[in-house]
Every structure is written in C-alpha cells, then in structure tokens.
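This report concerns only the one structure given below.
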Amino acid sequence: MIAYFVMELGLEDNMPIYSGGLGTLAGDTLFSYADMDIPAVCVTLLYKRGYNLQKITPHGMQLDFDALWDYKRYLRKLDLEVEIYFGDKKQKVACWEYWVRSKSDVRVLFLDADIEGNDPEIRRLNSKLYFDDGLYRLRQEILLGIGGYRVLKALGYAIHIYHMNESHSAFLVVELLRELGSLEEVRKRCVFTTHTPVPAGHDRFPVEMVKEELKVYDHIDWDKETEEGNINLSLLASKYSGKVNAVSHRHKFVTAGIFPELAEGIEYVTNGVYHKRWVHEEIQDLFNEYMPGWDENPILLQRAYEIPSELLLRKHNRIKSELVNLVNKQTDASFSDDVLTIGVARRVTPYKRNDLILRDVDRLVHIAESFGEIQIVFAGKAHPRDGLGKEMIKNIFEKIKLIRGKTKAVKVAFLENYGIDMARLLIAGCDVWLNNPKRPYEACGTSGMKAGMNGVLNFSTWDGWWLEGGIEGVNGWGIGPKPSWQDMTESKDEEDLEDLYGKLAYVIIPTFYRHRDEWVRLMKNSIATIGPYFNTHRMVSEYISKVYKIGLR
Ligand SMILES: *Cc1c(COP(=O)(O)O)cnc(C)c1O
C-alpha cells in the first residue's frame, strides 16, 4: 500500500482545495492509481475556505475572496480522532474521507483539526490553503505529516511506501523515526518528489520554532538537521527518503544544482496528465471511434493519423465555438469562431511571464494587421500576497484597453477565476497554447500536455516537459534558444519576445490561415507524440519501476 501525501489536491471543480498544477497533478495521479489497480491511500488537509476565489475589477485589480464550499456534501466524516501535539498543547485531529472509484478504489483522507475543544489557533489551520508562511504554515505541515501518519495508523493501514509529493509532509519522518528506530529503516519506506526549481521555493523554518512546536517529539536531534539556522523541509525529506525524484528530465539537472549533495541519487519521473479527464468529450468521441482502447492504454494515441482530417477539425471547432461563447458571455472582447485563438492560462507570477506577448503592443498589432487576425484569451490567479503577480494582471487589463483603441485585428480577453472546469474547455478550445516561462524555472508544466493531446499546438519556452516532448515544427514550436539539459542560463525577455513575434508572424499565423492541411497534420502529430507519453498512466508505471521499488527490498 502506498500512502500519497499532498498539501493540495485538484479532484473536482467544486472542491477548491488546489492552487494550480501541483494539485491537478495529484488528482490525476489518484485517477490513474485507481484505474491501474494500484493499492494507494491519499492524505491531505481539509481547507474549509478553500484556496482563493478571484474577482477582477474593470481596472484589472484582483480581489480575493474565500472559496467556501459545501465539503459535507463531498466528504464523509469518519468516526475517528487521533491526538497530536503542537508545542505542549495536546490537540485532536478528525478525518473525512472521499473515494476515487475505478478498478480499485483509492481513499482520500482529509485531516481536520477544526473541532470542538481545540485551541482557536489550531482550529484556524483548516481555513485556507497557502494562507500564510511562518508558524501557521509550519503547523499546517505538522498537521499533514504527523497527523497523517497517526490517522493511517489508527485506521490500521500497513503502508509499504510513504510518498511525500513535495516536502510539505516531511514531518512524517519524525514519526517514522520513532516507530522504526533508525535513518536506514525510514529510508526503506519513504520517497520524495521535489517540484520546486528555485532555492527560495523550498519551505524552511527557524530551527528554534521547529524545536518549540515539536518539543514532545524529542527523539530527533534537530541540530543535526539544521542548515544555517533553518530546517529546510526538502533537505529533511531527501535525507530520510530512499529515493528522491525530480519531475522532468530537465528538472533533474536543475535539482542537482540546488542540492549538490543529492545530485548522485536523483531520479526523474516526468509528470503526466490523466488523459480521460483532460481530453475534451468531443475529441474523446473521435478517439473512441478511431482508436478504441485509448482510454485504458493511451499508447494507442500514436494512431491519431487515422482520424479523418475534416472530422478532427470539425470537432475542434465545436469546442472552440463553445469557448468563444464563454468569452463573449463573460467579457466584451467580441471573439469570433474563425480567428486564430491563443490561450495563456496558469498561475500569474513573474517567472511565468504571463503578459509577455503583450509587451510590445505596436509590434503585435502590426503583426496581426499584416499577417492575420488573432485573439488571445488569458486566465489565472495571482496568489493573494503576490504583489507582482497582481501587477501583471493589471498590466494585461491596461494593454487590453490600449489594443482596443488601436485595432480590431487583435482581441484580448481575461477570464476570471481559472479552475479545473474552465481549464478543460479553455485548453482544448484554443488553437495554440502559449507558455513562456523564464528558463530554467519551469520544473515540468502540465497544461501543455493537456493541450497537446487535444490537438492544440504548443508554443513554449524550451524548458520543463517541452524540452523533452517538443519537436520544432512537428508538434508545436519553441520560444527562444534551446538549451542542453545541463544549461542553466536564464532566458532573456527581449530574445524570447523576438522569437515569439517572429514565429507568430512568419510561421504560425500563415500556417493557420493559408495551409490548413499542414495545420491538421501538426494537430495529429501533437496527439500522436504527446498523448502516448505525457499521461499519468505512464507516469505511475514509472513511479513503480523507478521509485517505489525501494519498498521491494
Ligand atoms: C493543468 C493546470 C495547471 C497547470 O498549468 P501549467 O501551465 O502547467 O502551470 C494549473 N491550473 C489548472 C486549473 C490546471 O488545470
């Protein structure tokens, strides 16, 4: 039995307990476990006010609201309580369950310390996801790691592998060390997946704070785990894990740069997406007809060439039309069905450079007026405390106004409150999926995989998964120079922007409007090259063969 620990989880649109790719990946992983009959149980936290509901004023200011949800409708409370300590405060933890059902049923356990009798400070931990750093975050992570271990014990699970998906659950090793007695034994049971490509992204807490909060658990010598006065959870998780893995081939080298002491043993398993969730229903109909069995065995997607071109285009255009309707209902951008549509949707934060394509408005307008019309649809939330991310949303809104005063050849819209359901339509309904993060900061990325298996062409920086999956001019296009796996130089905005505008004007727009046969060929290439590999069925198989195998010894 595998215990899969995650801080955020994207299972359903109505369960707003995820912030982005990490959460949707966790959801996709559980769907594949269940389909593939892998014995697994997932542990996460219940956030009663969810992540963040986004509204945007006409001037582009993001307003942040609680994402309240009816968790009692989705989850069932178990008749069970365990005890854990925060400092010397003994607190109770309750647990709710949810089942992902398929060939085997995967249980998801939601920890809840917001119960009668607990300290108000502890009860607040189940309020919001990624609400605060510092003590609040440390306590959430104690709740996840130690509370999760306790709940699994209380329910009688015999766990062979504890999978820490990101380091948020690393305090779990404290309990394992008590139970198993030595580092060597703990390492036979734990694996750690790191997703974070920048040193500053790794959770760390002052050692004194950790010692105080965990003082009851005194069998671990925190001074030995300390780095410059801090406990770094990624280092803690790595040290106690028998296997550490990065999330793309490229990211393996990035991780080796951040943690040179681990470099030797780092494995990589490239992320995937759960094809049955992310291939749009319209396209699924085609796949069922021309590649029956693709849902159980996505390798069959390599046969996409057998789909008649006109059918593929017709289905794609139906989804696109649905997207255009949504844009026109929610904004005054006046999109049309027959214009080249470019999608840009993900967390809004500086390294993602969400607004890059709008950097030089005059150039963009000139391109569209000379080569062919375009429409661009944006979506994505900035973290409530990410001031620069919020500035970027505001900038996009300002550019929308500016462009509207100049031309009708470029139309731009921003859709509020990006989430799973919107992503399913938005990603499949665009013609081109644009992703231009700054190299080398994209650990993997998954939205481009979702696009690719719908026949939507990727236009992306050569980083993360795209360095592995992208073939220039065959299943999409790259932006900026293509680095070697080991090359960690940062991309330069001007250079990337030049390449972005150049390919848009001379390759993408002309192919779309004047070489439709070639465009459909690229769509099929995209399905056939991206579908068979970048799915969570393949990913889960690789976890078993490369990572979980430590549990067999
Ligand atoms: C897939 C997905 C993401 C991840 O997008 P990236 O472009 O890979 O960062 C984020 N949010 C939602 C809702 C998604 O479905």
Subset tally (residues that are open to solvent by less than 10 Å² (accessible area, probe 1.4 Å), away from the ligand (no atom under 11 Å from the Cβ), in contact with a strand residue (DSSP E or B) (Cβ under 6 Å, 6 or more places away or on another chain) and of a type outside the set (D, E)) for segment 413-438: 4
Which of the residues that make up segment 26-41 are among the β-branched types (V, I, T) and either away from the ligand (no atom under 16 Å from the Cβ) or within 12 Å of L129 (Cβ to Cβ) (or both)? I38, V41
Looking at (1) touching a residue at least 40 places away in the same chain (Cβ under 8 Å); (2) more than 16 Å from the ligand (Cβ to nearest atom); (3) over 30 Å from K390 (Cβ atoms), which is the one condition that is false for T44? (3)
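For (1) free of Cβ contacts under 8 Å to residues at least 60 places away in the same chain; (2) within 21 Å of A67 (Cα to Cα), each residue gets a yes or a no:
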{"residue": "W96", "(1), (2)": "yes, yes"}
{"residue": "F110", "(1), (2)": "no, yes"}
{"residue": "E116", "(1), (2)": "yes, no"}
{"residue": "F131", "(1), (2)": "yes, yes"}
{"residue": "Y136", "(1), (2)": "yes, yes"}
{"residue": "G148", "(1), (2)": "no, no"}
{"residue": "L152", "(1), (2)": "no, no"}
Cβ-Cβ under 6 Å, sequence separation 6+ or interchain: first residue in segment 239-264 and within 26 Å of L177 (Cα to Cα) and free of Cβ contacts under 8 Å to residues at least 60 places away in the same chain, partner open to solvent by less than 50 Å² (accessible area, probe 1.4 Å) and among the polar types (S, T, N, Q). Which pairs? V244/S238; L262/S238
Selection status of I115, surrounded by fewer than 17 Cβ atoms within 10 Å (Cβ to Cβ) and farther than 20 Å from R385 by Cβ: yes
Conditions (1) touching a residue at least 24 places away in the same chain (Cβ under 8 Å); (2) more than 10 Å from the ligand (Cβ to nearest atom) -> G470 fails only (1)
How many of the residues in segment 483-516 are farther than 19 Å from Y351 by Cβ and open to solvent by 70 Å² or more (accessible area, probe 1.4 Å)? 8
Out of (1) under 18 Å from G201 (Cα atoms); (2) over 23 Å from the mean Cα position of the chain (by Cα); (3) surrounded by 17 or more Cβ atoms within 10 Å (Cβ to Cβ), the odd one out for P260 is which? (3)
Regarding segment 13-25, can at least one residue be identified that is closer than 19 Å to L109 by Cβ, without any contact (Cβ under 8 Å) to a residue 40 or more places away in the chain and either within 16 Å of the ligand (Cβ to nearest atom) or surrounded by fewer than 18 Cβ atoms within 10 Å (Cβ to Cβ) (or both)? yes
So is G60 small (G, A, S) and out of contact with any strand residue (DSSP E or B) (no Cβ under 7 Å at 6 or more places or on another chain) or not? yes
Is it true that some residue in segment 456-469 is at pLDDT 95 or above, farther than 17 Å from G272 by Cα and not in a strand (DSSP E or B)? yes
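The values are calculated or read from the model by the stated rules, or taken from the named source; none is laboratory data. Just so it is clear, the model here is predicted, and its values are computed rather than measured. Using ideal geometry, Cβ is built from the backbone for each residue, glycine included, and neighbour counts are taken over all protein chains shown. Heads up: the accessible areas ignore ligands, DNA and RNA and are worked out on the full protein's heavy atoms, side chains in. Shrake-Rupley method; radii C 1.70, N 1.55, O 1.52, S 1.80 Å.
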